[in-house]
Amino acid sequence: MILKQAIFTCFFFCCITNVFSQKDSIEVKFSEIHLAISKVKDFSKGYSVSSISDTLVVRDIKSLTNILRFNSFIYFKEEGLGMVSSPSFRGTNSSQTAVLWNGININSQLLGQVDFNALSSNSYDDITVRSGGGSVLFGSGAIGGTVHLDNTIDFTTQTKHNFIGNYGSFNTKHISYQFKKATDKTHINIGLGYNASENDYKYLKSNLFNENGSFSNFNADVNFGYQFSTKSNIKLFANAFAADRNLSRTLNAPSNDSYEDFTLRNLLEWNYKLSTKELLSTKLAYLFDQFTFFDNNNNRALFSRGNTKRTLSKIDYNNFISKKIQLNGVLEFENTAAIGSTFQRQNRTIFTTILSLNHQLFKKLSYGAQFRKDYIKDFNSPFLYSLGLEYKFNSTYTLSVNTSKNFRIPTFNDLYWTPGGNPDLESENAYQFELGNKLHFKNKSFQFNTFYIKTSNLIQWLPNDSGIWSPINVNETENYGLEVSYNHKFNYGLHLFQFNINYSYTIAKNLETNKQLFLVPKHRANFLIDYNYKKITVFYQQLFNDEVSFLVDTIPYFTVANIGINYQIQSLKNQPTVGFKINNIYNTYYQNTLNRPMPGINFQITTNINF
Amino acid sequence: MNIRKVVVLSALIGVLFSCNNTNEPELALGDYENGILVTNEGAFSGGTGTVNFISNDFSVQVEKVFNKVNGENIGTILQSAGFNGDNIFLIANVGNKISVANRFTMEKSTEITADLSNPRYIAFANGKGYVTNWGDGTDVEDDYVAVINLTTNLVESKIPVIEGPEQIIANGNTLYISHKGGFGSGNSVTVINAVNNSVITNLQVGDIPDEMAIDNSGNVLVSCEGKAETPWNPTEVLGSLVKINTTTNEVISTINYASGFHPGAMTIDNQSIYFGSSAGVYKMSENATEIPSSTIIATIASAVSVKDDKIYVTNASDFSNNGTLTVFDGATNTQLQEFTVGLIPGKIYFN
């Protein structure tokens, strides 16, 4: 309690000082620093970061899983199309990829993971994937890598409307509308989206179909910014998402289960320039997550439910000491209250301190160092660090190295689930080392990363003496491998070509048994070819996923490909773009998770209008 | 590794051997006669249950018997099997299906899917099959015993019972059902008259009653696991062995288990009671009034069955790889043989 008061006092003190200092200093030069510090972009020295372009997002707008599956190194364990979809990065488990929404870690406090099919796909301006451990900056679970979903609030005068309408096989619909209006003082952005699908596709090689697989979801976003002056602004991010899914059957069992998600995310941010070199960012966030599980979707009076309420307050202080040195300190205070059918009301309070440094040591050599320590009652949280180094040999070749210690703290389910929860659990700890090579030419770039991760104290649920599944810190694992990506753009006159390929090789083994971990493909590759001529764009994307083992079974390898064409109709008002996409053109029979077949060939019509 | 090779080799030899002996005078009822059947639950998420066969002389062992013979799966979580005449009834709990097959050839004759909801165990009485059903996990009032017409293999009626009916055994035309409690915890035994399918009574026993057996005096023994001391259950509830008189259908004795003893398996053979727990196998006389404090075999015993002076024990090992069946000599309690079976072996049956 005292700690809590101290933090809030501190928080308000900062606000007040801001207000006064704002009045005091009149002239501030704006040119040196921006009013926003992006942790991903500014504090990723030695790490590989890649942006997912808007075009790719729009093409697959109904599914964030699909966007990332075909365009990043992340492997998804999707339990049938549109069902629970958990990520795996560099062979780590579902809870070891952190997802950040506008800088806030949004991994489920109950499950530890993010279900990528329970995230709205059309709410963000910017989707970034950062490979490697990032617990220092991004918190619990940032072990394999992080996915950043960001909204941009800027103050460049514009008015934009965007409408997207898609319709496809299995009665799959997507409708979304975005409105953006900004002046040099204000910014407002409103987004609405709706997805629904009967999703009753036939299981190839079987007389079953995906019964009980329908889903629908709805999202609403409001992002608002107000610029008081060139040295102070306020930003508000709000996102609401509701999903209703039936849970698909498998080849071996029918299902009449159903699942509802509801999330609310609110973030208020105040950025303030203390001086020409100092920037202070104060954040307040409230996040609400709720799931409801129905045993029988025909009897919705009976269900089990759980929710978490999180409040966060954060002070982020940046100092550009010189052109070469940037310093960042963060104090964060987080309180989570969880309540559910399976456990009593529980509370967790975390106080976090982070210190980061970026230093351009020589012209060619720069490094970043970050440190973090969390304080949690009755829980020993490890001291975390991250060190990254970049050496620019010349304008084309950059060598980078990083090492870090990362963690995942036990979830509320791990600690308190009745029956089974284990309050004595410790955090999972992971050490990571990575070596990266980047070659950058005018129209092409090549990247080659090797990584090594050693994780100890892995939390695993196992039956105890009474046969009740209970989590314990048990395993030690070792992951290593490489990631290669290559991008190339070229043209013959007006014919533009773009080619992207990502390949990863991953070994992830249990150090006791020396066996490859379940659901980790050794080889995985995806590529994209884009061809553009005037108003026509044609694209082809393909994914190869190696076989994976799951318990005593093996899920076979597969190759799946999509093709699409988009055409911008210039003769019509507002020049809408219409498209046609064929998913799984080779009608491949494949499964992402055991005995949950994915759909065969299917079709989609898309329209996209800006006005 | 070597053991596995030896096992595979001996299985291979066994197959060849049995092929060479097709001219034997005695006509075999099927490939899976004279042996042990182990049911394996299989993976909860998308998996299927399987059955392992091991011949009585240990020379032949076959995995995934049903799946191989029929080219199809049993379904998710093979909870248990029941036998009636030449038929085996394989109950897939999550799969919500009962596969009916010939117990010796494993050839499937039919399946029952309608009117089942989380089926658990089956017993036979008065010419009918009786299957315990949990219903929906969150619904405490939809549990029932499905009555199966063995001619049509359809559920012909349902007998509503209280939450969480687990094991079911028949004593003549009387059925005894232990209410382990489903997703909650139970503490009673329901007695049903199979002649008119009515509930005779519901008897209170210890917490978490599970396995049942009929002793030499014709009493029904119910092993109640009790509740171990855990973070979510700070106060231990002792387990107990409850004896029910089958004439009066009343509890005639209760023997409490020692603190820390919560066996998940119990069986009777030749006037001895055997318990299986994570500590091992315990043995006591039917007439003893105290539970033994030490094991006769110290190995994890998820299931225990005894036949012809041999003790059979399953172990699910790490629950993510195949488990084992271990056979011990009942006189010396020494290990005779160990076999790799399927994922999460459940129960042991004799064919």
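Of the trypsin sites (Lys or Arg not before Pro) in region A:387-477, the ones in a loop by DSSP (not H, G, I, E or B) with at most 10 other beta carbons within 10 Å are A:442.
Partner lysines whose Cα lies under 19 Å from the Cα of residue B:243, excluding those fewer than 8 positions away in the same chain, are identified as B:180, B:283.
Annotation: extensible slack from residue A:208 through residue A:393 equals 60.8 nm (criterion: 0.36 nm per residue apart, minus Cα-Cα distance). Each Lys or Arg adds one and each Asp or Glu subtracts one; over the other residues with Cβ under 14 Å from the Cβ of residue A:381, this totals 0.
Kindly state, to the nearest 0.05, the FRET efficiency for residue A:347 paired with residue B:214, given R0 = 41 Å and r defined as their beta-carbon distance. Display every interim value, and only then the final one.
On the way: r = 52 Å, r/R0 = 1.26.
Taking R0 as 41 Å, the efficiency between residue A:347 and residue B:214 is 0.20.
If you roll a 1.4 Å probe over chain B with all protein chains in place, what percent of the accessible area is carbon or sulfur? Taking all protein chains in place, chain B shows 48 percent carbon and sulfur surface.
Residues of region A:585-602 that lose at least 30 Å² of accessible area (1.4 Å probe, protein heavy atoms only) when the other protein chains are present, relative to their chain alone, are A:594. A Förster radius of 45 Å combined with the Cβ-Cβ distance from residue B:294 to residue B:201 puts the calculated FRET efficiency at roughly 0.75. Peptide A:255-261 shows a mean partner chain C-beta count of 1 within 10 Å per residue C-beta.
Ignoring the sites themselves, chain B has its longest run without GluC sites (Glu not before Pro) in a DSSP loop having at most 15 other Cβ atoms within 10 Å at B:142-228. A 1.4 Å probe run over region A:165-214, with the rest of the protein chains in place, finds 46 Å² accessible per residue.
With both labels modelled 7 Å from their Cα along Cα-to-Cβ, the residue A:175 to residue A:578 distance reads 1.9 nm. Charging the Cβ of each Asp and Glu at -1 and of each Lys and Arg at +1, and nothing else, the dipole of region A:164-292 about its Cα centre rounds to 660 debye. Descending by average beta-carbon neighbour count within 10 Å, the peptides A:413-419, A:340-346 line up as A:413-419, A:340-346, the highest first.
What average number of partner chain Cβ atoms lie no more than 10 Å from the Cβ of the residues making up B:222-232?
4
Inter-chain Cβ neighbour count for A:110-119, averaged per residue, equals 0 (cutoff 10 Å, partner chain atoms only). Ignoring lysines fewer than eight residues from residue B:108 along the same chain, the ones with Cα atoms less than 22 angstrom from its Cα are A:205, B:64, B:68, B:97, B:128, B:347.
When the pairs A:405/A:522; A:39/A:373; A:39/A:392 are compared against a 19 Å limit on Cα-Cα distance, A:405/A:522; A:39/A:392 fall above it. Take chain A and mark each of the GluC sites (Glu not before Pro) that is in a DSSP loop with at most 15 other Cβ atoms within 10 Å; the longest unmarked stretch, sites excluded, is A:212-511. Net charge in the neighbourhood of residue B:79 (other residues with Cβ under 9 Å of its Cβ; Lys, Arg +1, Asp, Glu -1) is +1.
Taking the centroid of alpha carbons for each part, region A:161-183 and region B:83-120 are 49 Å apart. Spatial offset of region B:241-285 relative to region A:188-250 amounts to 54 Å, using the alpha carbon center of each.
Summing Lys and Arg as +1 and Asp and Glu as -1 over all other residues whose Cβ lies under 10 Å from the Cβ of residue A:57 gives a net charge of -3. Here the label points at residue A:433 and residue A:377, each 7 Å from Cα along the C-beta direction, are separated by 4.1 nm in the simple model.
Carbon and sulfur atoms: what percent of the 1.4 Å accessible area of region A:155-610 do they account for? Please list the in-between numbers first.
On the way: 12160 of 20450 Å².
Roughly 59 percent of what the probe reaches on region A:155-610 is carbon or sulfur.
In straight-distance terms, cross-link reach from residue A:581 covers every one of the aspartates and glutamates whose alpha-carbon lies under 14 Å from its own, apart from those fewer than eight places away in the same chain; here that gives A:60, A:530.
Residues of region B:127-155 that bury at least 10 Å² of accessible area when the other protein chains are present, relative to the chain alone (probe 1.4 Å, heavy atoms, ligands and nucleic acids excluded): B:136, B:137, B:138, B:139.
Just the number, please: buried accessible area between B and A, total of both chains, 1.4 angstrom probe, nearest 100 square angstrom.
When B and A are taken together, about 2200 Å² of accessible area is lost.
The values are calculated or read from the model by the stated rules, or taken from the named source; none is laboratory data. These numbers were taken from a predicted model, which means no experiment stands behind them. As a convention, Cβ positions derive from the backbone with ideal geometry for all residues, glycine included, and neighbour counts pool all protein chains shown. Please note that ligands, DNA and RNA were not included when accessible areas were found on the heavy atoms of the full protein model with its side chains. Shrake-Rupley method; radii C 1.70, N 1.55, O 1.52, S 1.80 Å.
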